[in-house]
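Structure first, then comments.
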Amino acid sequence: MRLLLVVLSGLVLVSSATAATFTYSVTTSSPVTVAAVTLNGADQSKTFTIVSSVAYTGGNNSAGWKVQASATTPTSSGRTLPELGITAGTSACASGCTTNPTNSVAYPLTLSTTAQTIYNAAANTGRGTFNVTSTFEMTYPANVLPGTYSSTVTLIGSNGP
């Protein structure tokens with residue numbers, strides 16, 4: 001009589017899904033200087049861009065992400081200009097991009113001291129590292145007085161559309 005020894009070995013697959021990693025940074029150096037205007041009695045505006053980096057990698061990106069901005073009113077010696085505006089937002093892949101962001105923000109926007117979304121990636125989009133370029137606009141009314149006007153722009157990035 002022969003004994004047959006049967007060894008059963010089990011293979012257990014364990015999912016090692018990792019959470020998505022989100023990082024945000026502003027890549028444009030501070031301070032940003034807007035080109036000067038020559039006052040001539042006509043309304044004028046100047047634009048400038050701020051570039052930030054959004055990295056949404058690993059895990060499940062079902063939440064999407066957003067970039068928000070707020071800004072103080074431009075002032076000079078107690079005089080003010082209209083609030084800053086944003087006329088456009090774009091993104092470009094920097095690395096590891098598998099799903100481009102789907103942005104639902106409508107431009108132009110007028111900024112205030114309350115943060116608002118200026119660019120976003122809808123749920124299930126925006127996977128990879130992207131350079132987000134926001135075009136800001138500073139408006140000089142015809143009756144503006146000469147001066148060096150300054151404003152503080154605050155940018156933040158977070159998960160969620």
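To the nearest 0.05, what FRET efficiency results for Thr38 and Gln68 with a Förster distance of 35 Å applied to their C-beta separation?
Efficiency computed from Cβ-Cβ geometry: 0.55.
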Pick out which of Val26, Val144, Val51 has the largest mean-square fluctuation in a Gaussian network model of the chain, springs linking Cα atoms closer than 10 Å. Val144
If you build a Gaussian network model of the chain, linking Cα atoms that sit under 10 Å apart, which residue out of Ser104, Ser70, Ser134 swings the most? Ser104
Per residue, what volume in Å³ does the convex hull of the Cα atoms of the chain enclose? 127
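Since every read-out is calculated from the coordinates, none of them should be taken as a lab result. Just so you know, these numbers come straight off a predicted model, no measurement behind them. Cβ sites come from the backbone with ideal geometry, for glycine too, and all protein chains shown count toward neighbours.
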